[in-house]
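Novice: Here's a structure for you.
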Amino acid sequence: MTNTTSQSFTQRSLAAVERIGNKLPDPAVLFIALLVAVWVLSWLLSYFDYGVADPRTGEPLQIVNQLSGSSMTLFLASMVKNFAHFHPIGVVLVAMLGIGVAEHTGFINTGLRAMMSVTARWLLTPMIILVGIVSHTAADAGYVLVIPLGGVIFYAAGRHPLAGIAAAFAGVSGGFSANFIPSAIDPMLQGISQSGAQIMDPAITLNPLNNFFFTASSCLVIVALGWFITDKVVEPRLNSTELDDNLEDLPTMEPLQPHERSALRVALLSMVAGIIALVVSASPAESAWRGPTGSLTELGAPLMGSIVPLIFVLFLLPGVVYGIRAGTVTSSRDVIEGMTKAMHSMAYYLVIMFFIAQFIFAFSQSNLGVLLALEGAAALKALGLPAALTIAGIVALTGLLNLFVGSASAKWALLAPIFVPMLMELGISPDLTQAAYRVGDSTTNIITPLMPYFPLVVVYCQRYIKTTGIGTVTAMMLPYSVTFIICWTAFLLIYWQIGIPLGLQSSYSYP
């Protein structure tokens, strides 16, 4: 009886979140309103002295009035550049060109039907979450590849497609710091942590994989929690939501025809050939794919910078091969039509991205995010909590700041010079402080519309239900976010108490 009451309360709460969220203006209008709010707040707060130093420059922090003549002219002069150079736009559009061809020719449809014929239906959820986690290694590839495929796979299996999108989003973004494969984010955060630690101890050095054992173990936690939430909370609630009629270009569970099997086999061979060619070209120590230190995965390595173009090629190639073999491609016009169709579906996303790019520029220029981070860190420091509660407080504060400042490296660049030395004074190592930050940085990605890829997830959902809004996605992802931040924090504290190494050459205590 209690369990039923609890579940009904949860469902009612999520329904309320959805209703309230969907009453918000269209996302594009919402970001226009936020931009105006930044302008007004920066004007009002620019008259105050906050008595804190900007950790990036060492100079006293000042809020920059975005309504001043110099700021407004800079805003207008930078408007085109802000939009054209906004990173998520290029990532999404380039990848979608290749994926659009593979989808238009039938390669993805046939491939998913073949996969569904050999995959147990009950294993779909953990499989999608795990693939989402692994996609972190390929930068932002998961947002444009794994999340939409999560919906398509669930739809093909007769399950609600939005549940598949939710599971994939939870793995790609909610579990951003859970990965058993090292990625470029590891040395990036380690470098910032080391700089913060050297404020206290100039001789200290940290290993780039100082959190690797913890993040690898966290995969099991995120997969298990995401599996339970998807199957027991999110999908049962979504099952009462009907899909739109006349859904096009989506796979069904119809058996493959002989010509489809033959075309799929040849297309997959072409994809494998492309991957082999990439591996062979990247293997030599002097390979042009490697970065300055000889690593394939370091920041600045050409391979890491080419992930999205490689996705484009590795879907375009088998898509064209499949189409020629299956007869769905009879001329070059069919290939271009697939790309054009994919771009049509991105029109709404581009409109939203224009206003998001302008908002993020103004917010960054104003220093409001810096002020929010520094004041929050100062408040946490003033509380003087015991070590375990301080670690939990860092997770909570980071999760809160993540709702406003999306970049993992930018937030840590602000917080590390405060948190790392502060906890070193308490005898806590920079390795543990960084691990706490990574938990908080991951768990609230999936519920903030300010995250640049959040509107893209809304677009993915609208493919199945055109009335999907911000409230729908927020309510869908809220159970993951709340569960992840509570259980992942508890896992970190238990991990610490047991004394399992956080990573290579890591420690829990300082000195």
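Novice: Just wondering, is there one or more residues in the range 215-238 that are touching a His at 6+ places or on another chain (Cβ under 9 Å) and surrounded by fewer than 16 Cβ atoms within 10 Å (Cβ to Cβ)?
Specialist: no
Novice: OK, next. Test P421 against the criterion of being touching a residue at least 24 places away in the same chain (Cβ under 8 Å) and either buried (at least 24 other Cβ atoms within 10 Å of the Cβ) or part of a helix (DSSP H, G or I) (or both), and give yes or no.
Specialist: Yes; evaluated as a whole, the condition is true for this residue.
Novice: Consider the range 281-323. How many of its residues are without any contact (Cβ under 8 Å) to a residue 12 or more places away in the chain, over 27 Å from P88 (Cα atoms) and either touching a His at 6+ places or on another chain (Cβ under 9 Å) or not charged (D, E, K, R) (or both)?
Specialist: Number of matching residues: 7.
Novice: Right, another one. For L278, work out the one condition from (1) outside any helix (DSSP H, G or I); (2) in contact with a helix residue (DSSP H, G or I) (Cβ under 8 Å, 6 or more places away or on another chain); (3) modelled with pLDDT of 85 or more; (4) over 30 Å from S13 (Cβ atoms) it doesn't fulfil.
Specialist: So the condition that L278 fails would be (1).
Novice: Determine which single condition Q62 fails, assuming it passes every other condition in (1) part of a helix (DSSP H, G or I); (2) surrounded by 13 or more Cβ atoms within 10 Å (Cβ to Cβ); (3) modelled with pLDDT of 90 or more.
Specialist: With respect to (1) part of a helix (DSSP H, G or I); (2) surrounded by 13 or more Cβ atoms within 10 Å (Cβ to Cβ); (3) modelled with pLDDT of 90 or more, Q62 is out only on (1).
Novice: Hey, can you tell me all the residues within the range 472-511 that are small (G, A, S), part of a helix (DSSP H, G or I) and under 21 Å from A216 (Cβ atoms)?
Specialist: Residues of the range 472-511 that are small (G, A, S), as a first pass: 475, 481, 490, 499, 503, 506-507, 509.
The next check asks that each one be part of a helix (DSSP H, G or I); those that pass are 475, 481, 490.
Once the filter is applied, which keeps residues that are small (G, A, S), part of a helix (DSSP H, G or I) and under 21 Å from A216 (Cβ atoms), the range 472-511 yields only A490.
Novice: For S306, indicate whether it is of a type in the set (S, T, N, Q) and more than 20 Å from V146 (Cβ to Cβ).
Specialist: Taking the combined requirement at face value, the residue does not satisfy it.
Novice: So if I check each of A28, A37, which one is within 29 Å of the chain's Cα centre (by Cα), touching a residue at least 24 places away in the same chain (Cβ under 8 Å) and not in a loop (DSSP other than H, G, I, E, B)? Working first, answer last.
Specialist: Details: A37 fails: touching a residue at least 24 places away in the same chain (Cβ under 8 Å).
Just one listed residue meets the conditions, A28.
Novice: Applying the selection to the range 403-441, what residues are farther than 19 Å from L492 by Cα and of a type in the set (K, R)?
Specialist: Correct list: K411 only.
Novice: Something else: Of these, M188, M200, which one is surrounded by fewer than 18 Cβ atoms within 10 Å (Cβ to Cβ) and within 17 Å of the chain's Cα centre (by Cα)?
Specialist: It is M188.
Novice: Pick from M96, M116: which is modelled with pLDDT under 80, in contact with a helix residue (DSSP H, G or I) (Cβ under 6 Å, 6 or more places away or on another chain) and within 25 Å of L317 (Cα to Cα)? Outline the logic, then answer.
Specialist: Numbers: M96 fails: modelled with pLDDT under 80.
Matching residue, one of M96, M116: M116.
Listed here are the residues, each with its yes/no results for (1) at pLDDT below 80; (2) out of contact with any Ser or Thr (no Cβ under 8 Å at 6 or more places or on another chain); (3) under 30 Å from V313 (Cα atoms).
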site	(1), (2), (3)
K23	no, yes, no
L41	no, no, no
D49	no, yes, no
D54	no, yes, no
Q66	no, no, no
A77	no, yes, no
V92	no, yes, yes
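Novice: Provide a single number: the residues in the range 12-25 that are in contact (Cβ under 8 Å) with a residue 12 or more places away in the chain and more than 27 Å from the chain's Cα centre (by Cα).
Specialist: Looking only at that region, the number is 0.
Novice: Now for a different question. Among V329, V313, which is outside any helix (DSSP H, G or I), touching a Gly at 6+ places or on another chain (Cβ under 9 Å) and not basic (K, R)?
Specialist: Going through V329, V313 in turn, just one is outside any helix (DSSP H, G or I), touching a Gly at 6+ places or on another chain (Cβ under 9 Å) and not basic (K, R): V329.
Novice: Oh, and also: Between L145, L97, L67, L123, which is of a type in the set (A, V, I, L, M, F, W, C) and over 27 Å from the mean Cα position of the chain (by Cα)? Reasoning before the result, please.
Specialist: Numbers: L145 fails: over 27 Å from the mean Cα position of the chain (by Cα); L97 fails: over 27 Å from the mean Cα position of the chain (by Cα); L123 fails: over 27 Å from the mean Cα position of the chain (by Cα).
L67 is the lone residue from the list that is of a type in the set (A, V, I, L, M, F, W, C) and over 27 Å from the mean Cα position of the chain (by Cα).
Novice: Given (1) in contact with a helix residue (DSSP H, G or I) (Cβ under 6 Å, 6 or more places away or on another chain); (2) in a helix (DSSP H, G or I); (3) modelled with pLDDT under 85, identify the lone condition not met by P88.
Specialist: Only one criterion in (1) in contact with a helix residue (DSSP H, G or I) (Cβ under 6 Å, 6 or more places away or on another chain); (2) in a helix (DSSP H, G or I); (3) modelled with pLDDT under 85 is unmet by P88, namely (1).
Novice: Filter the range 455-471 down to the residues that are in contact with a helix residue (DSSP H, G or I) (Cβ under 6 Å, 6 or more places away or on another chain), of a type in the set (V, I, T) and not in a helix (DSSP H, G or I) and list them by number.
Specialist: Once the filter is applied, which keeps residues that are in contact with a helix residue (DSSP H, G or I) (Cβ under 6 Å, 6 or more places away or on another chain), of a type in the set (V, I, T) and not in a helix (DSSP H, G or I), the range 455-471 yields only T468.
Novice: Let me ask something additional. Please find, among G440, G406, the residue that is within 29 Å of P161 (Cα to Cα), modelled with pLDDT under 90 and among the small types (G, A, S). It would help to see each step written out before you state the result.
Specialist: Numbers: G440 fails: modelled with pLDDT under 90.
Exactly one of G440, G406 is within 29 Å of P161 (Cα to Cα), modelled with pLDDT under 90 and among the small types (G, A, S), namely G406.
Novice: For the subset of the range 203-235 comprising residues that are over 20 Å from the mean Cα position of the chain (by Cα) and among the aromatic types (F, W, Y), which member is nearest to A416 (Cα to Cα)?
Specialist: Start the filter on the range 203-235 by keeping residues that are over 20 Å from the mean Cα position of the chain (by Cα), which leaves 203-210, 213, 228, 231-233, 235.
Add one more test, that the residue is among the aromatic types (F, W, Y), and what stays is 213, 228.
Details: F213: 21, F228: 34 Å.
Among residues in the range 203-235 that are over 20 Å from the mean Cα position of the chain (by Cα) and among the aromatic types (F, W, Y), the one nearest to A416 (Cα to Cα) is F213.
Novice: Exactly one of (1) free of Cβ contacts under 8 Å to residues at least 40 places away in the same chain; (2) farther than 24 Å from L225 by Cβ is unmet by M127. Its number?
Specialist: In the conditions (1) free of Cβ contacts under 8 Å to residues at least 40 places away in the same chain; (2) farther than 24 Å from L225 by Cβ, M127 misses (2) alone.
Novice: Where the second residue is outside any loop (DSSP other than H, G, I, E, B) and hydroxyl-bearing (S, T, Y) and the first is free of Cβ contacts under 8 Å to residues at least 24 places away in the same chain and crowded, with 24+ Cβ neighbours inside 10 Å and lies in the range 172-183, which pairs have Cβ atoms under 9 Å and are six or more apart or on separate chains?
Specialist: none
The values are calculated or read from the model by the stated rules, or taken from the named source; none is laboratory data. Bear in mind the structure is a predicted one, so any value in this text is a computation, not a measurement. Note that each Cβ is placed from the backbone with ideal geometry, even for glycine, and that neighbours are counted across all protein chains shown.
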